[in-house]
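I have placed the structure first, in the form of structure tokens, so that the comments after it can refer back to it.
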Amino acid sequence: MKRRILFLAPAAGALLLASAHPVSAQVRLRLATTTSVQDSGLMPHLMPHFEKQCRCKVDVIAVGTGQALKLASSGDVDMVVVHAPDLEKEFVDDGHGTGRRTFMVNDFVIIGPPSDPAGIRGMTDAGKALRAIHGQKALFISRGDNSGTHQKELSLWEKTGIRPRGPRYLQIGQGMGAVLTMAEEKSAYTICDRGTFLARSHRLNLQVLCEGDPLLLNYYSAIGVNPERYPDVKADLARRLTDWLCSPEGQSLIGGYTVNGHQLFRPCCEGGE
């Protein structure tokens with residue numbers, strides 16, 4: 001017969017019954033993921049479905065892609081969901097990760113104030129838009145945190161041949177939420193994944209000014225930490241989550257997730273590496 005414990009819920013002051021079995025007994029998967037899939041609400045939307053199916057708990061650690069891969073390289077998490085293909089391939093090639101699968105895509109957009117001092121509204125060429133921002137000495141806010149978004153931004157600047165620097169280019173070393181807040185306060189430009197922007201747009205006066213360039217596509221991949229390097233990682237459970245994200249159920253839930261009527265991510269599951 002199970003023992004039962006009475007405890008007082010601090011907020012409501014009501015007596016509740018709880019099982020004597022500790023929560024820590026539940027199987028837990030440590031997932032380091034990008035702030036974009038957490039802040040957009042996608043992970044809170046997906047994980048309860050997977051947790052119910054596998055009878056486990058997914059502990060989501062939302063950081064930039066660079067930090068997520070660093071945690072994985074140290075064996076501090078079981079898997080990652082990230083969006084920087086070059087860093088992902090390096091991570092796998094160096095023996096840290098296994099079973100990399102690309103399973104969804106959205107895109108980046110260049111956003112800025114309605115006044116649009118650089119005159120980039122309606123542009124579909126990201127390089128041209130960045131050159132205009134730089135040429136007009138308009139303020140640009142960069143994440144500067146080695147995230148997937150920061151990596152994309154740097155690759156776009158590199159293609160323009162411009163190395164942005166100086167007081168009109170601010171690298172703040174913070175997540176997308178902080179960047180959007182600062183861009184709003186300073187009437188500045190920045191690059192953001194569309195999902196995070198749409199999830200927060202009702203609180204912002206910023207607008208999408210440049211979009212549609214194929215270079216702005218933003219692919220997300222799931223990668224398990226290599227159990228040959230870190231035997232204690234939950235490789236089987238990580239593989240199960242990856243398979244589920246690529247399954248008809250996972251892909252349908254990804255494609256069906258909307259905010260204010262906007263689809264934030266498109267399923268695009270591919271084979272593993």
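Taking every eigenvalue of the Cα gyration tensor of the chain, multiplying by 5 and rooting it, what semi-axes result, largest first, whole Å?
Working: eigenvalues 270, 103, 57 Å².
The answer is 37, 23, 17 Å, longest axis first.
For region 129-273, with the dipole built from +1 on Lys and Arg beta-carbon atoms and -1 on Asp and Glu ones, taken about the Cα centre, which of TYR189, ASN226, GLY261 lies farthest toward the positive end?
Final value for the positive-end residue is TYR189.
What does the convex hull of the alpha-carbon atoms of region 181-273 project to on average, in nm²?
On the way: hull surface 35.0 nm².
So the Cα hull casts an average projection of 8.7 nm².
Which value in deg cm²/dmol, rounded to the nearest 500, describes the helix-derived mean residue ellipticity at 222 nm for the chain, given -39,500 (n - 2.57) per DSSP H run of n ≥ 4 and division by the residue count?
Values: 10 runs with 97 residues, N = 273.
Taken over the chain, the calculation gives -10500 deg cm²/dmol.
At R0 = 22 Å, how high is the FRET efficiency between ARG28 and ASP243 if r is their beta carbon distance? Nearest 0.05 is fine.
Working: r = 18 Å, r/R0 = 0.84.
The computed FRET efficiency comes out at 0.75.
Can you give the net charge of the other residues whose Cβ lies under 15 Å from the Cβ of ARG240, counting K and R as +1 and D and E as -1? Don't skip to the answer; put the middle values down first.
Details: positive: ARG28, ARG30, LYS52, ARG55, LYS57, ARG101, LYS234, ARG239; negative: GLU51, ASP78, ASP236, ASP243, GLU249.
With Lys, Arg at +1 and Asp, Glu at -1, the neighbours total +3.
Counting Lys +1, Arg +1, Asp -1, Glu -1, what net charge surrounds VAL109 among other residues with beta carbon under 10 Å of its beta carbon?
Numbers: positive: ARG194; negative: ASP107, ASP193, GLU211, ASP213.
Combined, the nearby Lys, Arg, Asp and Glu give -3.
Residues in region 73-107, backbone N under 20 Å from the label point at ASP59 (7 Å along the Cα-to-beta-carbon vector): list them, ranges by number please.
Under cut-off, by backbone N: 73-82.
What distance in nm separates the simple spin-label points at SER252 and ASP93, each placed 7 Å from Cα in the Cβ direction?
Here the modelled spin labels are 3.9 nm apart.
Could you check which residue among GLY64, GLY144, GLY195 shows the biggest mean-square fluctuation in a GNM of the chain with a 10 Å Cα cutoff?
GLY144
Report the residue, chosen from ARG194, ARG229, ARG163, that carries the largest GNM mean-square fluctuation when the chain is represented by alpha-carbon nodes joined by springs under 10 Å.
The residue that fluctuates most here is ARG163.
Under a cut-off of 17 Å between alpha-carbon atoms, report the lysines in cross-link reach of LYS159, not counting same-chain residues fewer than 8 places apart.
Reachable lysines: LYS128.
Pick from LYS159, LYS128, LYS186 the residue whose mean-square fluctuation is largest in a GNM of the chain, springs joining Cα atoms under 10 Å.
LYS159
Would you work out the charge dipole size for the chain about its Cα centre, treating the Cβ of every Lys and Arg as +1 and the Cβ of every Asp and Glu as -1, and quote it to the nearest 20 debye? Each step should come with its number before you reach the end.
Working: 31 positive and 28 negative charges, 143 e Å.
Computed about the Cα centre, the dipole is about 680 debye.
Each value in this text was obtained by applying a stated rule to the coordinates, not by laboratory testing. No experiment lies behind these values; they were computed from the predicted model shown. Glycine also receives a Cβ, built like all others from the backbone with ideal geometry; neighbour counts cover every protein chain displayed.
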